[in-house]
Amino acid sequence: MLAQFQTSNALHWLGRQLFNRTDPAAFFDPLLERIDPMLAQQTIRARVVSITTETADTRTFVLKPASRWQGFRAGQHIALTLDINGVRRTRTFSLSSTPSQWQENGTIALTIKRIKDGLVTGWMHDCLTPGETLSVSEAFGDFGIPEAAEPSLYIVGGSGITPVLSHLETMAAAGSHAPVTLLYYVRTRNDVIASKRLAVLAEQWPALTLSIFTTNEPGKAQRLSDQHLHQVPGISARRCYLCGPEGLMDLASDLLDRRDVPESRIHCTRFSAPPMKDAVELDADSLGGQVQFAKSGKQTDSRGDASLLDIAEASGLSPKHGCRMGICHQCSCTKTSGTVINRLTGKTSGNGEETIQLCVSVPAGAVAIDL
Amino acid sequence: MQRLTESQLNELQQDLDQIRDQVIADLGERDANYIRRVVRLHRSLEVGGRVMMPFGFIPPVFLTATTALGLSKIIENMEIGHNVMHGQYDWMNDPSLNSQTYEWDTACGGDSWRRTHNYEHHTYTNIIGKDRDYGYALLRLSEDDKWRPAHLLQFANYVLLTTFFQWGVGLHELEFERLRKGDITLKEKIPFLKEFFRKGGRQAFKDYIFFPAVTLPVAPIVLAGNVSANLMRNLWSSTVIFCGHFTQDAETFTEEESDGESKGHWYLRQLTGSSNFTGSRWVHLLSGHLSYQIEHHVFPDLPAHRYPEISGQVEAVCKKYGIHYNTGRFAKQYGTVLKRIAGYSLPDRLRTRLWPEFSQPAA
Ligand SMILES: Cc1cc2nc3c(=O)[nH]c(=O)nc-3n(C[C@H](O)[C@H](O)[C@H](O)COP(=O)(O)OP(=O)(O)OC[C@H]3O[C@@H](n4cnc5c(N)ncnc54)[C@H](O)[C@@H]3O)c2cc1C
Ligand code: FES
């Protein structure tokens with residue numbers, strides 16, 4: 001019933017009048033939460049169903065989101081929000097479970113590595129217990145499995161395995177026959193995340209070739225090298241997926257480039273922004289331009305290296321955002337036309353429709369944004 | 001005003017900053033729980049009041065429902081709205097408690113309030129000519145305003161202002177006195193007026209049209225209850241606010257003495273221009289802790305429920321510099337406010353004879 005406040009225009013208008021807020025359904029949250037936190041309307045709540053240990057520093061959290069959560073595609077991530085010592089914190093995590101699991105029993109899984117001194121990951125490992133609730137966003141991101149079954153190669157490091165687990169299990173369940181190779185780099189034998197799930201996949205799904213490399217095992221340090229790629233048959237015809245620490249991703253991109261894999265066939269999901277030292281000097285003259293916010297019908301001119309997030313805010317819009325530094329992807333949004341330059345990587349985008357992070361994208365000429 | 005040397009002002013700033021830093025370092029779950037508890041109380045009172053109101057044909061129910069709704073408005077305006085809009089809870093990152101987007105249950109729009117109150121009043125506190133909250137451009141409360149015969153009626157004006165306080169506050173930014181003098185034109189105020197009609201209209205629609213209309217057979221009762229609840233909030237909030245700056249010893253300042261002032265001087269002005277009143281925990285809650293107006297004015301963005309905890313320290317700092325810490329029982333403080341309003345309605349010569357204590361020279 002409450003959700004109708006959001007869906008029916010007339011009710012929503014009335015709610016705004018009566019409760020003085022743009023999300024009127026959330027007015028009753030303080031009372032509803034007392035009855036059951038899952039009833040809250042301000043955010044989508046999810047209950048922690050179980051917590052299992054993967055490795056010394058990684059755990060899998062199985063969550064059951066409220067029924068109005070709309071589901072996800074394999075490889076997508078969510079923004080997770082929780083209160084720590086009174087402060088609301090939001091962090092991004094990939095879904096490591098499959099969409100079919102969610103369709104069957106309504107649960108999803110996050111596999112989370114504890115970052116050294118990490119506030120949220122540390123708290124989740126130390127304090128979160130089954131039965132508690134936290135908030136999840138709708139899923140987003142475009143690190144999806146190939147639409148048509150085609151040969152693929154995954155180069156993955158550490159906790160970067162999370163969205164890949166979802167990919168592999170989804171493809172396996174669909175009985176895909178196209179060859180899939182997974183090169184998985186971990187520090188030591190004990191750092192293999194989801195080792196059982198991987199073993200089951202390797203055993204039951206003939207299309208998968210699984211190779212696990214340990215980079216820090218004494219006497220057996222195997223870092224990614226051209227040698228490893230050499231063993232992948234028909235590599236130049238494969239769709240490639242990279243997910244892991246920056247160093248690994250950079251090296252992998254380099255090696256693939258040298259093997260003539262076109263950039264359009266390489267897909268990355270980044271768990272962190274490229275280190276600041278990589279941030280490039282932007283050529284001020286080529287920056288700026290007319291910015292059109294299509295949904296809100298606003299239009300403005302920008303100059304210099306102002307990010308689209310700043311520009312949108314200056315025009316009176318309040319796009320969703322988090323870190324403002326290219327880490328969390330909460331500001332991701334569709335650019336319908338025009339080119340932007342990524343402030344962190346210095347890369348210039350194509351001029352068609354694509355997903356960009358507002359907070360690190362600087363317009364280079366006229367752009368239209370779906371905001 | 002107490003004169004302090006530049007180095008004393010610096011030291012005063014350091015002392016007060018230290019109190020502030022301590023609280024900031026300690027902000028956390030306790031503060032979050034506190035404000036969420038108050039929000040829950042507000043929701044219970046408002047829902048309870050509105051649900052009971054249609055049964056108000058039973059007199060005790062009418063009384064309970066009206067009191068519940070009145071209290072809910074008071075708590076929402078004073079302890080939640082006012083304080084949230086000061087940014088006291090911004091550190092929580094909760095969009096429902098965000099200073100820039102919060103919209104409260106009163107005729108004055110949040111944006112207008114953030115401009116006139118958070119910026120003008122808190123920056124230029126009690127500077128005659130710059131702080132338009134001083135007397136609300138309606139009342140003569142110091143000798144800086146020249147006496148005119150019209151001031152003889154100002155007590156009646158005060159009664160009107162306190163009765164319709166939410167509308168007075170809502171229209172504050174219209175700057176009626178400057179419009180009348182021709183300093184500004186009505187055209188410049190059109191964006192403001194649009195905002196005012198949108199928000200004021202929304203409030204009137206809710207309390208005076210919608211809720212009576214949906215309870216049609218008992219509409220007059222619901223209307224009467226809603227009017228009374230609004231009146232209750234108007235009277236109480238204006239009284240609390242008047243006690244904050246218009247008591248006997250609350251000082252006023254000139255533009256010259258505050259021009260280009262240091263942070264220390266700003267602190268001094270906040271300390272001497274504000275006044276507290278004492279009371280029970282409930283009085284403090286219902287006043288949004290503006291009963292600790294001094295603490296609020298030196299630290300407007302610290303969670304207000306912290307003011308009682310630091311008031312001892314602030315008082316000690318005042319003592320150290322020989323600054324009068326203006327506090328007293330509610331009745332005493334309010335009494336001096338009424339005297340000030342009545343006193344300054346009279347020509348200065350008459351006033352100084354009748355109430356010699358109100359003889360603060362023109363600032
Ligand atoms: C799209 C996306 C998907 C992700 N999926 C997963 C996932 O499935 N599983 C998972 O475990 N993590 C994932 N991450 C990374 C995760 O978001 C971070 O580990 C998390 O934000 C750290 O939060 P924290 O509060 O614990 O650390 P903070 O307290 O915010 O940071 C502590 C320290 O760690 C550094 N730090 C913060 N984030 C990272 C990072 N990502 N890598 C290296 N150092 C960092 C900070 O600079 C700081 O010095 C993903 C990130 C993105 C952007
Ligand atoms: S990536 Fe976090 S706000 Fe843009």
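For B:Thr101, the accessible surface of its heavy atoms amounts to roughly 100 Å² (probe 1.4 Å, protein chains only, rounded to the nearest 10).
Expressed to the nearest 5 percent, the antiparallel share of DSSP beta bridges inside the protein assembly as shown is 60 percent. On a 20 Å Cα-Cα criterion, which of the cross-link pairs B:Lys130/B:Lys181; B:Lys146/B:Lys339; B:Lys319/B:Lys339 come out too long? Table pairs above 20 Å Cα-Cα are B:Lys319/B:Lys339. Where is the GNM fluctuation largest for chain A (alpha-carbon springs, 10 angstrom cutoff): A:Leu128, A:Leu80, A:Leu358? Looking only at A:Leu128, A:Leu80, A:Leu358, the largest GNM fluctuation is found for A:Leu128. Once both labels are positioned 7 Å from their Cα atoms along Cα-to-Cβ, the gap between A:His177 and B:Leu350 label points is 10.6 nm.
Taking Cβ atoms as reference points and 13 Å as the exclusive limit, the residues near B:Asn10 contribute a net charge of -4, counting Lys and Arg as +1 and Asp and Glu as -1. Using the alpha carbons alone, the radius of gyration of chain A stands to its Kirkwood radius in an Rg to Rh ratio of 0.98. Percent of C-alpha pairs per 20 Å bin in chain B, short distances first: 27, 58, 14, 0. Relative to the longest principal axis of the Cα atoms of chain B, helix B:330-343 runs at roughly 80 degrees.
Stokes-Einstein diffusion of the range A:152-270 at 10 °C, 1.306 mPa s viscosity, Kirkwood radius from Cα pairs, rounded to a whole number: 110 µm²/s. The local environment of A:Gln227, defined by Cβ-Cβ distances under 15 Å, has a net charge of +2 under the rule Lys, Arg +1 and Asp, Glu -1.
Over the range B:261-363, what lengths in whole Å, largest first, do the semi-axes of the equivalent ellipsoid take, defined as the square roots of 5 times the eigenvalues of the alpha-carbon gyration tensor? Mind dumping the intermediate values first?
Details: eigenvalues 146, 67, 25 Å².
Working through the eigenvalues yields semi-axes of 27, 18, 11 Å.
For the protein assembly as shown, the solvent-accessible area works out to 45 Å² per residue, with a probe of 1.4 Å and every protein chain left in place. Per-residue SASA remark: A:His329, around 40 Å² accessible (1.4 Å probe; ligands, DNA and RNA not included). Counting every C-alpha pair in the range A:284-369, the share spaced more than 20 angstrom apart comes to 20%.
In the neighborhood of A:Gly106, defined by Cβ-to-Cβ distances under 11 Å, what is the net charge if each Lys or Arg adds +1 and each Asp or Glu adds -1? Please report the intermediate quantities before stating the final value.
Details: positive: A:Arg47, A:Lys64; negative: A:Glu104.
Here the charged neighbours net out to +1.
Here the alpha carbons of the range B:258-303 define both size measures, Rg and Dmax, at 12.3, 40 Å. Taking amide H as placed 1.01 Å from N in the peptide plane, the amide H of A:Tyr241 sits under 5 Å from that of A:Leu153, A:Tyr154, A:Ile155, A:His267, each at least 5 places away or on another chain.
For the range A:1-147, the normalised intensity computed at q = 0.18 Å⁻¹ comes to -1.11 (log10 of I(q)/I(0), Debye sum over alpha carbons, equal scatterers, no solvent).
Scaled to the globular estimate 2.2 N^0.38 Å, the Cα spread of the protein assembly as shown, given as radius of gyration, is 1.16.
What FRET efficiency comes out for A:Asn190 versus A:His230 if R0 is 25 angstrom and r is the Cβ-Cβ distance? Round to the nearest 0.05.
Working: r = 28 Å, r/R0 = 1.12.
Computed FRET efficiency for A:Asn190 and A:His230: 0.35.
The values are calculated or read from the model by the stated rules, or taken from the named source; none is laboratory data. This is a predicted model, so every value here is computed, not measured. Here the Cβ is made from the backbone with ideal geometry for all residues, glycine too, and neighbour counts use every protein chain on show. Heavy atoms of the whole protein, side chains included, go into the accessibility calculation; ligands, DNA and RNA do not. Shrake-Rupley method; radii C 1.70, N 1.55, O 1.52, S 1.80 Å.
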